[in-house]
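Each remark here refers to the structure printed beneath this line.
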Amino acid sequence: MDFSTSFAHLTAPRVQGRCLQQLADILALLLCGTLAGCDDLLEICDYGHARLDFLRAELGLAFAHSIPSEETLERLLKRLNTKEL
């Protein structure tokens, strides 16, 4: 699945040039973590760290700077335009 194409229509609610992670990677992590039964953002971060090789190799996600922090996930979720989703 090409997550960058799937999420291409979304407006990135982040400051250009200050973001280390791709929007599609973060959203894919949130989706995978939720489907895997994670109950909160900390569990999603833990899931991402434990499955980083899988996320990169099998799903084609970059995570060039490893898994984003719980705080990064929270900031993104607060700023996403839910109507676009």
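The values are calculated or read from the model by the stated rules, or taken from the named source; none is laboratory data. None of the values given here were measured: they were computed from a predicted structure. In this analysis, Cβ positions are derived from the backbone assuming ideal geometry, glycine residues included, and neighbour counts consider all displayed protein chains.
Here are a few things to note about the model shown:
- Identity of the residue in region 1-11, part of a loop (DSSP other than H, G, I, E, B) and either of a type outside the set (A, V, I, L, M, F, W, C) or surrounded by 15 or more Cβ atoms within 10 Å (Cβ to Cβ) (or both), that ends up modelled with the highest pLDDT: ASP2
- When the helices (runs of 4 or more DSSP H) confined to region 12-85 are screened for residues that are touching an Asp or Glu at 6+ places or on another chain (Cβ under 9 Å), surrounded by fewer than 17 Cβ atoms within 10 Å (Cβ to Cβ) and at pLDDT 90 or above, those reaching at least 1 such residues are found at 41-50, 70-79.
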